[in-house]
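Some notes on the structure that comes next.
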Amino acid sequence: MDSQINKHKKVIDGKALFNANKAQSSDESDGEQAWIAQAKQGSQSAFYQLYKKHHRQIYALCWRMLADKDSAEDVCQEVFVVLWQKINNFRGESKFSTWLHSVATNVVLGHLRKHKNWLQRVFSIEEQGANVAEPSVSLTDDSTLTILDQHIACLPERARLVFVLFAVEGYRHEEISKMLKMAVGSSKSQYHRARNLLKESLTASDYISVEEEMNHE
Amino acid sequence: MSKHKPQDKVVSDKLLADQVIMLPNEMTPERDLWPGIERAINHNSQKITADKQSNVFVPSAWAASIAIVILMSWLTFSPVINDKNVHGLVKTQSEVSVTQGQLVNFMQQNFKQQKQTLLASYGQPTVDKLPAAMQQELKQLADARASIRTALLTDENNADLLNLLDFTQQQELKLLQQLYRQYQVI
């Protein structure tokens, strides 16, 4: 139980970190513009500054979508290699972080498609069959993850992707349906499915009791 | 996954939504990802530079290669040059009292002269300042030329080989001209 309390604490710590970063990011926006301009000219040191600033967010996105540490690290690297190649396409019409997240999302989805195609070729797995299956991943004992992140990782792939893209990344169902090549209705139903599965699994793991114990401390 | 819980212990939509908002937006990877990224972008940059260089070279190299292949095919598969033509050529050579060896030497001197004039017009550039891939291609052409010349010394009265030598020399001159025009900074 103690370990659960500690894990839950990380969620609160996570929020503090999130807010602190938000305040910091507005102060650094001028510096970031300069880094972007220099990186467009081929400066690797400026690009490194962009990497340093954004890689933890991109890694979080990769981890949540892939639910696997090693794949998330590899794909996070791939995202920054693609960013280096495409940084000249950034016209400043949106925030850099927003644009970078869309680049990252496409890279992750591309990775999943490649991986799935390979699996399908080798094992002839039916796409639908893979999605209908109940989550087979057991709760990971990674203490660096929040309880909710551990439960998100256990969701079936499609439900997890839709949940992360809609609830965490803030994409609309219309956008998600295009990204995942599914109907808008399917995106919505996968989201509801993910939500129900999460509520069930969090309830089963006595999530509220953990929270209450923490509040009494 | 579902267990029976008292109503107040069930996670509601609101609680879930609150927890999602509180999710940290950053996670720290265990290993340092930058060295791998740096290696990949450096590798890509080198590849792009090499591709650009080969793109410059490709048209002329292709043209030369295709021409050589066509010529070689023609030499290999065309009807055998009849005795009349060979006798004609030998006769022509003998009439003017010029041996094939002399003709080859004459062609070689002429080629050197043309090459020298060409290089002089570009300020006597040195080949070693050209990109490595182009130096290699030029070397291959020069090697091919040398091989044809050697073959001519042992194969008497071969008009086709003479034509091929002439063709190779012209290609080398054209290629040099193209390269130095593009790389006038050298």
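The values are calculated or read from the model by the stated rules, or taken from the named source; none is laboratory data. Please read these numbers as outputs of a predicted model, since none were measured by experiment. FYI the Cβ positions are ideal-geometry reconstructions off the backbone, even for glycines, and counts take in every protein chain you see.
Okay, residues lined up against (1) in contact with a Gly (Cβ under 9 Å, 6 or more places away or on another chain); (2) at pLDDT 95 or above; (3) surrounded by fewer than 12 Cβ atoms within 10 Å (Cβ to Cβ); (4) within 12 Å of chain B (Cβ to nearest Cβ):
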position: A:55; (1), (2), (3), (4): no, yes, no, yes
position: A:58; (1), (2), (3), (4): no, yes, no, yes
position: A:62; (1), (2), (3), (4): no, yes, no, yes
position: A:79; (1), (2), (3), (4): no, yes, no, yes
position: A:100; (1), (2), (3), (4): no, yes, no, no
position: A:111; (1), (2), (3), (4): no, no, no, no
position: A:114; (1), (2), (3), (4): no, no, yes, no
position: A:123; (1), (2), (3), (4): no, no, yes, no
position: A:128; (1), (2), (3), (4): no, no, yes, no
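Pairs, please: C-beta under 6 Å, at least 6 apart or cross-chain, first residue within 12 Å of residue B:166 (Cα to Cα) and in the stretch B:93-119, second at pLDDT below 85 and of a type in the set (A, V, I, L, M)?
B:104/B:152
For the stretch A:38-82, give me the residue count where each residue is of a type in the set (A, V, I, L, M, F, W, C) and within 17 Å of the chain's Cα centre (by Cα).
13
I need the full set of residues from the stretch A:84-104 which are assigned to a helix (DSSP H, G or I) and over 22 Å from residue A:172 (Cα atoms), in order please.
Of everything in the stretch A:84-104, those that are assigned to a helix (DSSP H, G or I) and over 22 Å from residue A:172 (Cα atoms) turn out to be A:84, A:85, A:86, A:87, A:88, A:89.
Please work out which residue is farthest from the other protein chains (Cβ to nearest Cβ), limiting yourself to the stretch A:156-178 and to residues that are charged (D, E, K, R) and assigned to a helix (DSSP H, G or I).
A:178
If you go through the stretch B:102-130, how many residues are closer than 14 Å to residue B:176 by Cβ and surrounded by 12 or more Cβ atoms within 10 Å (Cβ to Cβ)?
9
Working only within the stretch A:179-205, note down all residues that are surrounded by fewer than 17 Cβ atoms within 10 Å (Cβ to Cβ) and either in a loop (DSSP other than H, G, I, E, B) or touching an Asp or Glu at 6+ places or on another chain (Cβ under 8 Å) (or both).
Hits for the stretch A:179-205 are A:181, A:183, A:184.
Every residue in the stretch B:112-165 that is in contact with a Phe, Trp or Tyr (Cβ under 9 Å, 6 or more places away or on another chain) and acidic (Asp, Glu), please.
B:137, B:160
Check the stretch A:41-49 and report whether any residue there is at the interface with chain B (Cβ under 10 Å from one of its Cβ atoms), farther than 18 Å from residue B:43 by Cβ and in a helix (DSSP H, G or I).
Scanning the stretch A:41-49 turns up no residue that is at the interface with chain B (Cβ under 10 Å from one of its Cβ atoms), farther than 18 Å from residue B:43 by Cβ and in a helix (DSSP H, G or I).
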